[in-house]
1. Using a cut-off of under 20 Å, list every residue of the range 189-209 whose amide N is near the label point 7 Å from the Cα of TRP368 along the Cα-to-beta-carbon line.
2. Can you pull the accessible area of SER101 for me, 1.4 Å probe, Å² to the nearest 10?
3. Sorted by accessible area (1.4 Å probe), largest first, how do GLU129, GLU400, GLU262 line up?
4. Per-residue accessible area for LYS198 at 1.4 Å probe radius, Å² rounded to 10?
5. Let me know the Kirkwood hydrodynamic radius for the range 235-366, please, with Cα pairs as the basis and the value in Å to one decimal.
6. For THR211, what accessible area in Å² do you get when you roll a 1.4 Å probe over the heavy atoms of the protein chains, rounding to the nearest 10?
7. Under 19 Å from the 7 Å Cα→Cβ point of GLU353, by amide nitrogen: which residues of the range 300-320?
8. What FRET efficiency do you get for ASP332 and ARG225 if R0 is 30 Å and r is their Cβ-Cβ distance, rounded to the nearest 0.05?
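The values are calculated or read from the model by the stated rules, or taken from the named source; none is laboratory data. This one's a predicted model, so the numbers in the text were calculated from it and none came from an experiment. Using ideal geometry, Cβ is built from the backbone for each residue, glycine included, and neighbour counts are taken over all protein chains shown. Protein only, heavy atoms only, side chains kept; ligands, DNA and RNA dropped before computing areas. Shrake-Rupley method; radii C 1.70, N 1.55, O 1.52, S 1.80 Å.
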Amino acid sequence: VTRVHSPSIVPLCGLLETPLTLIRHGFIPRKSWLINGNSTVTMSRRYCIFLLSLIGPIQTLPFTCITRQQPSPPFYGRHHQHCRHSTFLESSSDSGQNQLSIYLDPTLTPNRTKSLFAWISRAFAGDPEYNNLMLGMAAVFGSNLPPDSPMLTMIQRAESVYKDNDDDTLTGAPIPLHSREQSSLGAMGAAQWTGQWKTRPHSLLQVQNLTSVDDWIKSLPRGCRRTLKKASAQNYTVTSKPIYGSRPAPHSSLSHFRCVVEHEVRTIQASEMDVEGFFDALSEAVGRYVGTTRMAGTIREYRDVESGVVIAFAHEVKKGRTVRGQWFYASDDAARRYVWFHSVMELVRRAIEDDGVDTVDLGPSGTWESIELKGRYGFESVDDWPAVADYMGDFYYEDEGVYDGKRPGGGLFELLKSINKNV
């Protein structure tokens, strides 16, 4: 197999348990390629994305990606539509034999999202054939695969396993609560409050001096108040769903996976021309979906009233005297309906009404624009955020039924104190 130079390994799921690892963006020497006699755009970046589960050997196929801006060859197979921009993948051995050239159509459709979900579901169900995410990408988005392609056969076989499931069927693993709490700590920034290393600044809102959510709203600029008013007038329902121990997560379904995929593609892909960003977004979405469905907390699920379709979900975690807005993912439809603003308003409302909460933490931000947006709603970006947000306590849950035997919080807190003491 052609070697990939200097790959970086990025764990995606919590502190102690990482069933999914991404190997991506290893660099190789520049090389020129020719596509159907047309000029090409040469890229030195080699994608090798592997889905590593805890079963079986890793299957690998090296691919070189080249962006093209000419019409690709005729498409075969299901739900492939003609596009102006595609990506060329070439897989080859060191000997130069057994080459496989695939054109990827970077267009997201409901059927393709469903196929990708079926693929990764088989991988996490323990099927070693599906242990390669890049192969799954090629199978789902390949536009020139013949009808009898083994890749399409694998997709059809994966989909057949879940043919009786609807979009809301839960397929997640029944993870014990103590494991969910451990998996939550990394994303919550435990490395900083336990003294391991410094993380990024968090956006915090202190609620001790607020008596109602109206007090908070009145303190905001006029534009923010108008936005929250629009958010309150939207036609969607919100349902609270605790994440129980030893049960599938309430957001481990195709409906929720769609929200994560659309959210990541919308925020990462710069434009329709950004083929690299599109596939970066897909790999990021898979990792984030796996991450959130392995963690503890509560899901606030948003559904459109008329269609009943899940359009967004917010993942919240309460620990110590802080409630954390851990994750938020929204479909393209929800992005136009002010759902994120509504979720923040309701998070602030619950925090104010909870005597055990002093701080709302919206976590770190990926861009200055995000920091400024949170700042307009009263959330201050704090460098030494553990000095303000008190996480030194147990995890708390609205429903005592989340516990699957014993309450794990005290033992976990003692473990964290022990780690901090020995550093």
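1. Residues 200-204 fall inside that zone.
2. 50 Å²
3. Details: GLU129 80, GLU400 115, GLU262 50 Å².
Descending order: GLU400, GLU129, GLU262.
4. 130 Å²
5. Values: mean 1/r = 0.0648 Å⁻¹.
So the Kirkwood estimate lands at 15.4 Å.
6. 120 Å²
7. 300-303, 314-319
8. Values: r = 26 Å, r/R0 = 0.86.
Working from the Cβ atoms, E equals 0.70.
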